[in-house]
Amino acid sequence: MTRPVTGGRAAIRRGADQSAQPNASQRLSVIPQREDAASPPPMPRKDTAMAMGARHFFRGCRVLFYLVMPLTLFAAIAIGVMYVRLRHGPIAFDFVVAPIEQGINAELVTSSLKIDGAELRLGPSGELEFRLRDVSVLEKGGDVVLSSPLAAVNISMAALMRGRIVPARIELIDPIIALAYSEQSGFVFERAIPKPMPLHPGTDDGVRPPAGDVSASVSGTTIVPLSGAKGTKVNLAKMLTESSRRARQRLDATSYLTEFGISNATVVVDYEGQRSSWRIDEASVDFDHAARRSVISGRATIASARGPWSLSFLTDESEQMGRLEVKATVRGLVPSTLAAAAPPLALLGNFEFPVSGDATVDLATAGNIEGADLSVEVGKGRARLPYMVQPMDVTAGIFKLAYDGNAKRWDLKPSPVKWADGTIMFTGSMSNVAQGSDPPAWRFNLDGKNGVFEAPEFNVPPVTIDKWTATGTIVPRRGYVDLSEFRLAGGGGEATVKAKVQAGPQGQSMSAEFHVSPMPLNTLKALWPRAVATGPRAWVGANVKSVDFKGGTLKISNG
């Protein structure tokens, strides 16, 4: 039998080789595994990191959407419901009245604030407005010196961060301010009892009294005399200085106030029994307080029978100067509109021309005027002389004055004036000559230079003025003017006038004496004022060609 050939020992070698192969493969596989364990981990791919970030972002947006969207819808529905509710009337917010009122009254020194309510309403253009109702300012005795049916406020964020609720801006709407004047006390605040503001607007007729109305009740507000009480004396300089000092030191609620305004305000003035009412269309005051300096600026528009006129001012007060500097401007004021305010202003009723002025006034902290510079520009208009039928036509004029508070003296710098029949340059001075407790009495001296009088309608040559002087006394508080001497000379002739005028509630009384020297006819025609005896002047100028004028005297007395 033949045995298969197996290779003997060769078979064993094949088994050994086969067993060695896996061992070798194991050794080979171990080596790279050790190398992999020692090497750093591979970096992730850039696009993979961006994709993961995008997924996180969109996941966050999805969560935010599901959280915010319901709140947004809820807020939109709430706003819609509130708007519909506001269309039917304001919403009361009386719960904020106490914090606002307490935040102000806790720090005020000489007065207190009383607020009856608060409300949220729709404005004229559909915007939301937050308003306080029936705001009153009371003095220590409890008298209401200022009342307003409505007030708009903005809360100060700086005060809110300190845990206080005080306004940064206040606007009083339709306020009532009552003032009374007496010779003993000067101007004082008068008591005013305000008319309550209805919760639903539109129930008031809204009728406003015109400027100069002498009614004692304005828009339902009753003005009650103080019955002999002294009241609170008005000293604007002292009030501004004290409030600025406290504001710089953050001592009261007004230290956070940056703007104060009024609109459609009514000011009632009682001047020794004569009452008048004035309307301020709008006014605002801005406050800028630093550590050692305060700047207060403001502007106002006042209604009048001859149209509105404007007033603006800027005050600068510092501790180093120890005084208050006020710069003021007036535009479009017609003096005759102030005549009804008080008897001393009755003489202003004769001046019917627009006036614009700029003034710089230095005030002591006690309220006394230390000095002033004033520039007044007069526009085209008319000046009515007492008992003269024809007014004097004024073309233009500029008056520049300086005041010395220590000497109580006004100085008139060279000031040109032009009217229909001539031009002249005025200079002069005015001093207070009152004695003791007497009211101020101003003694004036005026001098005219470079004057020319003419009457072109009569075809006569102009007359150069050789002398123009006027001296007299004015007592403004009593409305009294004493023209002790007026002298006009030129062209070979001379005219003098002496007159006294007393203004009062019943009108003006006047006594005057005119004296004219002999003069040539052409000089008489040129010097004859257009406002004096208008008819005879026109007849003489047109018909008399030659005459030997001997002069004459004329006396007038009324009252």
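Sketch the reach of a paramagnetic label on residue 498 as a point 7 Å from Cα along Cα-to-Cβ, and name the residues of segment 534-559 whose backbone nitrogen lies under 15 Å away.
553-557
What is the fewest-to-most order of 545, 525, 467, 418 by other Cβ atoms lying within 10 Å of their Cβ?
Details: 545 6, 525 23, 467 13, 418 16.
Going from sparsest to densest Cβ surroundings: 545, 467, 418, 525.
Can you count the Lys pairs in segment 298-432 whose Cα atoms are under 17 Å apart, with each pair 8 or more apart or on different chains?
Working: 327/400; 380/418; 400/408; 400/413; 400/418.
For segment 298-432, qualifying lysine pairs total 5.
Please compute the modelled spin-label separation between residue 457 and residue 425, points set 7 Å along Cα→Cβ, answer in nm with one decimal.
Each label point is offset 7 Å from its Cα along the Cβ direction, giving 3.0 nm.
Sort 130, 65 so that the residue with the fewest other Cβ atoms within 10 Å of its own Cβ comes first and the one with the most comes last. Don't skip to the answer; put the middle values down first.
Values: 130 16, 65 11.
Going from least to most buried by this count: 65, 130.
Using the beta-carbon distance between residue 356 and residue 139 and R0 = 30 Å, what value does 1/(1 + (r/R0)^6) give for FRET efficiency, to the nearest 0.05?
Numbers: r = 36 Å, r/R0 = 1.21.
Once rounded, the FRET efficiency stands at 0.25.
Extending each Cα 7 Å along its Cβ direction at residue 288 and residue 384, get the distance between those two points in nm, one decimal.
4.4 nm
Using a Förster distance of 35 angstrom, determine the FRET efficiency expected from the C-beta separation of residue 467 and residue 437, and round it to 0.05. Don't jump to the answer; show the numbers that get you there.
On the way: r = 38 Å, r/R0 = 1.09.
Once rounded, the FRET efficiency stands at 0.35.
Over the Cα atoms of segment 410-559, what radius of gyration and what Dmax do you get, in Å?
According to the Cα coordinates of segment 410-559, Rg and Dmax are 17.3, 57 Å.
Which FRET efficiency value, to the nearest 0.05, do you get for residue 122 and residue 67 by plugging their Cβ-Cβ distance into 1/(1 + (r/R0)^6) with R0 = 41 Å?
Taking R0 as 41 Å, the efficiency between residue 122 and residue 67 is 0.85.
For segment 410-559, with only Lys/Arg (+1) and Asp/Glu (-1) charged at the beta-carbon, what is the dipole magnitude about the Cα centre, in debye rounded to 20?
I would put it at about 180 debye.
Computed from the coordinates by the stated procedures, all read-outs in this text should not be read as laboratory data. Since the model is a prediction, treat every value here as computed from it, not as a measurement. Glycine also receives a Cβ, built like all others from the backbone with ideal geometry; neighbour counts cover every protein chain displayed.
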